[in-house]
Every structure is written in structure tokens, then in C-alpha cells.
Amino acid sequence: MTQTSPLLDPALPLALLQHCPAYEASPLAQHSHAGHRIWVKDETGRMGLGAFKALGGVYAVAQLVAQSTGVPAPALTSEAARAKASDLTFVCASAGNHGMSVAAGAQLFGAGCRIHLAETVPEAFAARLRAKGAGVVRSGATYEASIAAAIADAQSTGAIHLADGSWPGYTEPPRLVMEGYTIIAEEMRQVFEAQNSWPSHVFLQAGVGGLAGAVAHMIRENWARQPEIIIVEPTAAPCIQASVAAGRMVTVEGPVSNMGRLDCKDASLLAFDILREAADRYVTISDEEGAQAVTEAGAMGFGSTPSGASGLAALLKQEEPMAAPLVILSEGLEDA
């Protein structure tokens, strides 16, 4: 691990979530499919939001509200704390579930929230954000344009910018988001350790790379048996693979992908820093392979999207058999 890799401690978000009645560990079990015996971490029902990102944005909002108001995180839902937080507004861009998590956190702790969406994000998702009390702003044709709009919004209004991607000079809020995601790896570690049964390969899908970076960091940090870590990206947006190959952060170009949550042309700096050392190899999948994985996940009893099932798509295209592969179904159908 390089010296610039972030410090991620799952004990901190776990301590906060002990006070959250919606929190419970997401399911992890082995399933048989297409000749594989697959470990599946099912995030499709996570905390009522239907995606792993429920862990990141809510936790980061809590920590940032606590820092701004001086109220300890476990007490943030009190009426007095919510009144203090009412002067705060969070702003971010989102291709999907990060915005929902930030909106849920802002609503829970009494803060305001504005989410910038690209024109390609479905209106049904915008409606779900508004139902969480968020203001929705359509900002540009691409995810990257919506990020620029969110940055400008925060600079001009004094709102707190809470992105899930990081870049030079902007790392602490996305570090908090990633710290929330470490819970996923810790939940899995506890199960594997209790059963003394560990995966041989772990497939981690990546957009900007927050989930992949957080889980890979924790695997290398404290899993007793080390699997091969395989990073999965859309063919249209392999930003982490391209950055690692170049030895520096690069922007990739490509068409719009049906894997909208993963269709990111720029990697997160924190994720890049972790994955260039922690990951073993990279796989890209086509839109067709992503769509087929939704069908395959359905045959296993899971409802997901091309983004959510992308790790499964990468597994199913492997030519060599794997002893005990693991995939994360990162979102459910409700979040399509």
C-alpha cells in the first residue's frame, strides 16, 4: 500500500450503524449456477435503499454534520441536533445511488440536499430523490458535466460538496464515503472467518472505484486468506484499468453504457491509489454481457441491473474454472 492510500476503519461506521434500526448485515451465501459454486454478497436490499451506496453517503453525511455542528454522531437524530443541521446543505452529482444515499442522510439528520443529474439519468430516479426531500438539478449531458456543476454549486453557495470520487485537493469527503463501504468487506470477513471458508477470487465492479477500492483495501488489510482481486469495468469506461496502465490518472472516452452506475470516464484518486497495488487484474464487459448477467442473476433468484450484476458477468466469461469465486450484487431492480 502506498503512503498516500487513505486510512479506512470499518469500526467507525459500524459504531454509528449500531444506532440505526435499518442496519443489518446483507446476505452472503454460496449459490450454484452454470457449473460454478459462487459466493454472492447481496446488496439489493441494503437499508431499504436497495444498493450498497446506502452505507457510504449516509455515513459521510453523519460525519460531516457532526464536524460542522459539534454534535456527536450517535446523537445526530435528536430534534436539537436536527435544528443545528438545518443550516447545512449538501450538494453532489450522481449517476444513481450515491445521490440517493446522500439524500437519505440529509433527510435523516435534518440538512438540506441538492443533487445534480446528467440528462441521461432516468426521471424515475429523479422522482425518488425528490421523495427523499432532495432538490434535483439537471446539469449537462454527461456524469462528468454534472460533477462540474456540483462543484460550481458548492463554490457559489457555500454548500458542502460530498462527491464519491476524489481528485488532487479533494479527498476527505470521498474518503468518508469509502469508509462507509468498508462495512461490506468486514461483514464478509466475519462470515468467512466463522466458517473457515474463504473465496478464491473476488470480482469488484468499479465506476469511479469507491466500492472496489474500499473492499480491496480491507481484503489486503485484514483477510486471513488472500484471494485474487479482479476489477470489472464497462468496455465503454475502463477508467481505472487505463489509469493503472498509464501509471497516472487518465480520462477515457467511450459511448454511453447501459451500466450507468459504472459509466464513469474518470477514476477516483483514492481508488486508483489503492487498486494499482491491491488489484491483480482487470476485466471489461460489454453492454450485452451486462444485460445477460441480469438474466443469469434472475435465474439465481436475484433482481438486479447491468451495473449491479456486472461482477457476475465478468465471472461467467472466465474460461478457467475457479474454486470459490465471489461477486457482489451491488443494486436491486428498484434502482434501475
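The values are calculated or read from the model by the stated rules, or taken from the named source; none is laboratory data. Not measured: the values here are computed from a predicted model. Cβ coordinates were reconstructed from backbone atoms using ideal geometry, including for glycine residues, and neighbour counts include every protein chain displayed. Protein only, heavy atoms only, side chains kept; ligands, DNA and RNA dropped before computing areas. Shrake-Rupley method; radii C 1.70, N 1.55, O 1.52, S 1.80 Å.
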Study note, to complete from the structure: Heavy-atom accessible area per residue of the chain, all protein chains kept, 1.4 Å probe, expressed in Å², is 38 Å²
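For the chain, what relative contact order do you get, as a whole percent, if you take Cα pairs closer than 8 Å and at least 6 residues apart? Mind dumping the intermediate values first?
On the way: 715 pairs, mean separation 67.3, N = 336.
With pairs under 8 Å counted, the relative contact order is 20 percent.
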Practice item. With a 1.4 Å probe and all protein chains in place, put SER156, SER197, SER146, SER86 in order of accessible area, largest first. Key: SER156, SER86, SER197, SER146
Study note, to complete from the structure: Of ARG46, ARG225, ARG281, ARG261, ordered by accessible area with the largest first and a 1.4 Å probe, the sequence is ARG225, ARG281, ARG261, ARG46
Check your understanding: Per residue Cα convex hull volume for the stretch 197-336, in cubic angstrom?
Key -> 104 Å³
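Which length gain, in nm to one decimal place, applies between VAL250 and ASN222 when the Cα-Cα distance is subtracted from 0.36 nm times their residue separation? Kindly include the intermediate steps, with their values, before the conclusion.
Values: separation 28, 0.36 × 28 = 10.08 nm, distance 3.02 nm.
Difference between extended and current length: 7.1 nm.
Exactly which GluC sites (Glu not before Pro) in the stretch 22-87 are in a DSSP loop and have at most 12 other Cβ atoms within 10 Å? Walk me through the numbers on the way to the answer.
On the way: sites: GLU24, GLU43, GLU79; in loops: GLU24, GLU43.
Hits after loop and neighbour filter: GLU24.
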**Study point:** Residue of LYS317, LYS41, LYS53 that the Gaussian network model of the chain assigns the largest fluctuation, springs spanning Cα pairs under 10 Å
**Key:** LYS317
Revision key, fill the gap. Of the convex hull drawn through the C-alpha atoms of the chain, the volume per residue in Å³ is 121 Å³
Revision key, fill the gap. Partner aspartates and glutamates whose C-alpha sits under 19 Å from that of LYS265, ignoring same-chain residues fewer than 8 away, are GLU119, GLU144, ASP164, GLU233, GLU253, ASP273, ASP287
Review point. Of all the accessible heavy-atom surface of the chain, with the other protein chains kept in place and a 1.4 Å probe, what percent is carbon and sulfur?
Key: 53 percent
Revision key, fill the gap. Candidate cut points under GluC sites (Glu not before Pro) in the stretch 233-294, DSSP loop plus at most 11 other Cβ atoms within 10 Å of their own Cβ, are GLU253
Point to revise | Using alpha carbons only: equivalent-ellipsoid semi-axes of the stretch 281-336, gyration tensor based, whole Å | key: 18, 12, 10
Exercise for review: Return the aspartates and glutamates within reach of LYS317: Cα separation strictly under 13 angstrom, same-chain partners fewer than 8 residues apart disregarded; answer none if there are no such residues.
Suggested key: GLU288, GLU289, GLU296
